[in-house]
Amino acid sequence: MSGFTKRQLLGAPLAAALSSALAPASASARQGVARIAGGRFDSSVASLNNYEVPSWFADAKFGIWAHWGPQAVPGQGDWYARFMYVPGHPHYDHHLKAYGHPSEKGYKDIIPLWMAERFDPDALMTKYKAAGAKYFVSMGVHHDNFDLWRSRHHRWNAAEMGPKRDIVGAWQAAAKRQGLRFGVSEHLGASYTWWHPSHLYDQFWPMLGRSYDGSDARFADLYHDNRGEPFINTPESWYTKNPAFHRHWFDRISDLIDSYQPDLLYSDGGLPFGETGRSLLAHFYNSSIARTDKLEAVYNCKQTGSGEFHRNAVVQDVERGVLKGIQDRPWQTDTSNADWFFSENFPHKSTATVIGLLADIVSKNGNLLLNVTLYPDGSLPPESDQLLVELAAWMKVNAAAIHGTRPWKIHGEGPTETQDGMFREDVAYTAQDIRFTTGGGALYAITLGEPRGRVSIASLAAGNPHDQRRIRRVTLLGNPAQLHFQQDSAALTVTLPDRLPSRLASALRIDFA
């Protein structure tokens, strides 16, 4: 993921030539063949455009993500593994002071420090379910090229190093026990160019010219053998053009799919690597059908200019942002309650902010996938724990306005303008900002702040163009008593009780004659 980093990228001189060596190459890489499960889909765009989003995802509305791994250890936040090799960056300065110079103590030396000694996936999953999550997503592999499962194609994995535990498998088992859908995220596609700084050298005295440990051939399978294809701030540089790596990516991510049979797969970018990426997607979809007799798989990727994006073949993901207005297809926002990996200094979102974001997204036919930050040891920071507790209390009252709902004629009203697209989530909603959902024959009007006294809804004024039915009854979720309301040419005005059934935001249920 990006955190504060994707706009602050290191440019570097191009080397003379692109090295395509990748060791060791798997059997399928040597043969140049992608293994695709037989079935309805193939690697053509025309075939993949026949995809239909499964109902479970459209109903779920809220998922929780563990964007977690060795990069949590230093407590400095996202993209640590990359920027610890960039002199002048705070991650480099921290690494020098805490661990030593990256020519000797590099990222390979951080990995053994990630022990996950307090990781209790069942206890965490119980909290996630109580907080309203209907699906859970485990980090599979970040840009750091470290697999969190028992990988068949890569020695740098959590079952063999660090915690010496199959993290993805542990998450999957816990999610199944709680009845949650299970997903995995892959950020491997961008890893080849992302790791480029590890192959450079220090630019300051007294270590001027000292090569970093990424230049050591013994660790080429962690840092890649890339000296000629740097990552710069353009979509074109996000994914390498090296075909050997494309095939290696297919082997590892298809292993992840086949071993854990996830309901959801997330790629951090567009669909990678052309034909190879489309082959993986066809394999994912066909495997789901073979396993369940229907298509239950969801693939998330971004419309960023990197890789491919075929709107009808995938579920669009928007990082740290939202879309404007109601979308005709389900979509997803991914964001975090703080930085993507644990940071000692990064601010945390309030529960009110998360609820406002959730309601806005759901009113537009979207889902919210929320990373809840974990300490390196696998336990919850106090801010993450408080968020889950407060979400659980809110969902206990208001879940009917979220789960299983669909958009109304319009998504909402109110004074606060929302922006469209990625990295535009910082919006301060008020109680006058209303979002609408429908379900069970009722209309729900969710205030994006804590209301007082009365709620006025202009979109439900008498004679409004959205719904001409007579309003029969208005209640608050969590309070069965009928509320006094008045509908005139200006608004529907509802008088609230002195004591509200939930804090932070309230959901009115409006029943029609």
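A few notes on this one:
- Against the test of being within 25 Å of the chain's Cα centre (by Cα) and either of a type outside the set (Lys, Arg) or within 30 Å of residue 131 (Cβ to Cβ) (or both), the options 195, 205 yield a single qualifying residue, 195.
- All of 280, 265, 271 fail the test of being hydrophobic (A, V, I, L, M, F, W, C) and free of Cβ contacts under 8 Å to residues at least 60 places away in the same chain, apart from 271.
- Of the strands (runs of 3 or more DSSP E) that lie entirely inside the stretch 400-492, those containing 2 or more residues that are within 19 Å of residue 358 (Cα to Cα), without any contact (Cβ under 8 Å) to a residue 40 or more places away in the chain and within 35 Å of the chain's Cα centre (by Cα) span 434-439.
The rows are residues; the columns are (1) of a type in the set (A, V, I, L, M, F, W, C); (2) buried (at least 16 other Cβ atoms within 10 Å of the Cβ).
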{"site": "149", "(1), (2)": "yes, yes"}
{"site": "153", "(1), (2)": "no, yes"}
{"site": "169", "(1), (2)": "no, yes"}
{"site": "205", "(1), (2)": "yes, no"}
{"site": "216", "(1), (2)": "no, yes"}
{"site": "220", "(1), (2)": "yes, yes"}
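- Single residue of 300, 286, 312 found to be buried (at least 22 other Cβ atoms within 10 Å of the Cβ) and assigned by TED's automatic domain parsing to the domain that holds residue 237: 300
- In the stretch 309-363, residue nearest to residue 505 (Cα to Cα) [restricted to those that are of a type outside the set (A, V, I, L, M, F, W, C) and assigned to a helix (DSSP H, G or I)]: 356
- Check on residue 182, part of a strand (DSSP E or B) and either over 25 Å from residue 270 (Cα atoms) or not small (Gly, Ala, Ser) (or both): yes
- Test: residue in the stretch 448-458 that is among the small types (Gly, Ala, Ser), crowded, with 22+ Cβ neighbours inside 10 Å and touching a Phe, Trp or Tyr at 6+ places or on another chain (Cβ under 7 Å): no
- Residues of the stretch 493-507 satisfying the condition of being free of Cβ contacts under 8 Å to residues at least 40 places away in the same chain and hydroxyl-bearing (Ser, Thr, Tyr): 493
- Selected residue (only one of 185, 259 is modelled with pLDDT of 95 or more, within 30 Å of residue 132 (Cβ to Cβ), surrounded by fewer than 20 Cβ atoms within 10 Å (Cβ to Cβ) and in the same structural domain as residue 68 (by TED's automatic domain parsing)): 259
The values are calculated or read from the model by the stated rules, or taken from the named source; none is laboratory data. This structure is a prediction, so every number in the text was calculated from the model and none was measured. Ideal geometry is used to build each Cβ from the backbone, glycine not excepted, and the neighbour counts take in all protein chains shown.
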